[in-house]
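The next block holds one structure in the form of structure tokens; read it before the comments.
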């Protein structure tokens, strides 16, 4: 299995520009998660989907952030307009639920975003 | 509110010097506790899942244990390649926690040759 795939791996943009991060979950996984990691706040859950439907977006910092999952194999996280404080590493993770078992999440390599 | 606290924040060991990392947690019904390893510039890599108090799991030089309030990651005779940040996370049983993991801040381990 190829694992969770994210693109781009690095993104440098200027304040005010639109940024789109992409994720392909592990085939067969029906949960997809977007996280943000910074030195100050660690790993924070932004939003997660189940069967392509957003379940909890309470971690999305503000309206400038939006996420979509048009099908089971693709999701995007968009920031518009971007600000310097959005600079962080963004991770995508996926899992599937097994009866009676915890949901082990598998992470992608991340996208390092720098907003100048 | 579910919470995870890891200690110490950083740990320096000599090669072969065994030690333990701590993960204290509060959660409204534990569905699972997870340990991940994260290398610089990479995503967290899954190590272990623990379900219930008393459970233990091992992988090479690593052994994870679980009680009702905390988990330990024991590192026996570490090698320089064990240097990484180790993350602990919990998943609660509440319906609002479906699928969600709460992560600690991590322990950064450095093993010197």
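Some notes on this structure:
- The one condition from (1) surrounded by fewer than 19 Cβ atoms within 10 Å (Cβ to Cβ); (2) within 14 Å of chain A (Cβ to nearest Cβ) that residue B:32 does not meet is (1).
- Summed over segment B:17-32, residues that are modelled with pLDDT of 95 or more and not in a loop (DSSP other than H, G, I, E, B) total 7.
- Unique match (being within 11 Å of another protein chain (Cβ to nearest Cβ) and surrounded by fewer than 21 Cβ atoms within 10 Å (Cβ to Cβ)) among B:110, B:105, B:91: B:105
- Scanning segment B:69-81 for residues that are closer than 20 Å to residue B:103 by Cβ and either modelled with pLDDT under 95 or outside any strand (DSSP E or B) (or both) yields a single hit, B:69.
- Residue match in segment B:45-53 (condition: closer than 20 Å to residue B:11 by Cα and within 11 Å of chain A (Cβ to nearest Cβ)): yes
- Lone unmet requirement of (1) closer than 24 Å to residue B:104 by Cβ; (2) more than 9 Å from chain B (Cβ to nearest Cβ); (3) surrounded by fewer than 17 Cβ atoms within 10 Å (Cβ to Cβ); (4) within 12 Å of the chain's Cα centre (by Cα) for residue A:32: (3)
The values are calculated or read from the model by the stated rules, or taken from the named source; none is laboratory data. Keep in mind it's a predicted model, so treat the numbers as computed, not measured. FYI the Cβ positions are ideal-geometry reconstructions off the backbone, even for glycines, and counts take in every protein chain you see.
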